[in-house]
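First up is the structure itself, then whatever we jot down about it.
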Amino acid sequence: MDPDIFDKALEKLWIHGGAVLDFAENVGRGEGHWREPYLAQGEQKRSQIDQMVRYAESNQCRMSALVCHFGDLADGQEACRICDFCAPERCAAQRFRTATEAERAALFRVVAVLRSGGVKSTGKLYNEMYPNRDISRDGFEEVLGAMARAGLVRLSDAVFEKDGKQIPYRKASLTRAAYSVDEITPIEFIMKDTLPASTRRKRKKKAAVPAQRKRARGAETPVQPKPASDTRRPEAGPNSQLEEVLRVWRLAEAKRRGVPAFRIFSDQVLRAMASRRPATARELLAIPGIGISTVEKYGAQIYRILHGA
């Protein structure tokens, strides 16, 4: 296992009480009820990510959605007129195209169904209109989004509970303007222009190299797992002296505060400091894993170590 991943797992165990660590990261067994809060925290984080994804994929005014999210329902009814939903013609990152005949046909089918059926969930509406999947669900959602931009459909988020879990979904209803449209009515109906899956840029994966070939090419040997104690010496190298000084200081600071050394900052951050040698708050914040609180607490001491050692 990668030592940094191991350290992160150990940190999570410590946070939730499943392990006991002293300032030198000597490990003891903690209490047995750590799993429940850990899983609950994971579910909460997944829920937050899902909310972000739904916001990014939503078909409504961005500002209105944010205002409503924070509880201002009155101001949330007014569109901003400057986001990608309200003003698609001014978008830089998102491109739009003219709807196809099939998409326009879907528009009038949606209008006809909602005129007789009222408010429906988008999933139920899709299953009712396209039981044979003549159009994909994603394509159908894009049609609804284009109808919302044209002022014909109002999409709203809702939640239902199942087996103790809250499951989000979207509802679709016609606006007043949609009740007077027909096939000869001029409608500004434009679709998001998305790349087909086959043309999207794919991240190249490195092929696995057999151990024999690695050794023949003189590749680096695998990183050995490091012990938990912070008193270990770093590998020899141009930054080893700085790393050693940082480790000694971190250990003393952890002992003074009564926390494990990784709570000051991780080994990965320590190595990055020794390599980059930041001299300002901006340079220190540019290191992944460093936050503003670390800069405020330890910045001056870190600069002295890196540039006075």
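The values are calculated or read from the model by the stated rules, or taken from the named source; none is laboratory data. On a predicted model such as this, the values are computed, not experimentally measured, just so you know. Reconstructed Cβ throughout: ideal geometry from the backbone, glycine too, with neighbour counts over all protein chains shown. Accessible surface areas use protein heavy atoms only, side chains included; no ligands, DNA or RNA. Shrake-Rupley method; radii C 1.70, N 1.55, O 1.52, S 1.80 Å.
Table for the structure above
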{"item": "Contacts under 7 angstrom Cβ, first residue in segment 8-31 being closer than 18 Å to A254 by Cα, partner in a loop (DSSP other than H, G, I, E, B) and of a type in the set (D, E, K, R), 6 or more apart", "result": "A24/D230; E25/D230"}
{"item": "Filter result for E128 (at pLDDT 90 or above, assigned to a helix (DSSP H, G or I), open to solvent by 40 Å² or more (accessible area, probe 1.4 Å) and over 24 Å from P186 (Cβ atoms))", "result": "yes"}
{"item": "Tally, over segment 17-64, of residues that are in a helix (DSSP H, G or I) and of a type in the set (G, A, S)", "result": "5"}
{"item": "Top-ranked residue of segment 65-90 - restricted to ones that are part of a loop (DSSP other than H, G, I, E, B) and modelled with pLDDT under 85, ranked as nearest to T194 (Cα to Cα)", "result": "A79"}
{"item": "Contacts under 8 angstrom Cβ, first residue in segment 289-307 being touching a residue at least 12 places away in the same chain (Cβ under 8 Å), partner open to solvent by 60 Å² or more (accessible area, probe 1.4 Å) and among the basic types (K, R), 6 or more apart", "result": "L306/R277; H307/R277"}
{"item": "Enumeration of residues in segment 253-278 that are over 24 Å from the mean Cα position of the chain (by Cα) and open to solvent by 50 Å² or more (accessible area, probe 1.4 Å)", "result": "K255, R256, R257, G258, R271, S275, R276, R277"}
{"item": "Sole residue being under 28 Å from E183 (Cβ atoms), among the acidic types (D, E), outside any helix (DSSP H, G or I) and open to solvent by 70 Å² or more (accessible area, probe 1.4 Å), chosen from D138, D134", "result": "D134"}
{"item": "Test for A79: is it within 20 Å of E183 (Cα to Cα), surrounded by 14 or more Cβ atoms within 10 Å (Cβ to Cβ) and more than 25 Å from the chain's Cα centre (by Cα)", "result": "no"}
{"item": "Unmet requirement for R176, which otherwise passes all of (1) surrounded by fewer than 18 Cβ atoms within 10 Å (Cβ to Cβ); (2) over 23 Å from M52 (Cα atoms); (3) touching a residue at least 24 places away in the same chain (Cβ under 8 Å); (4) of a type outside the set (F, W, Y)", "result": "(3)"}
{"item": "Looking only at segment 19-37, and only at residues there that are open to solvent by less than 90 Å² (accessible area, probe 1.4 Å) and more than 20 Å from I264 (Cα to Cα), the one that is modelled with the lowest pLDDT", "result": "G32"}
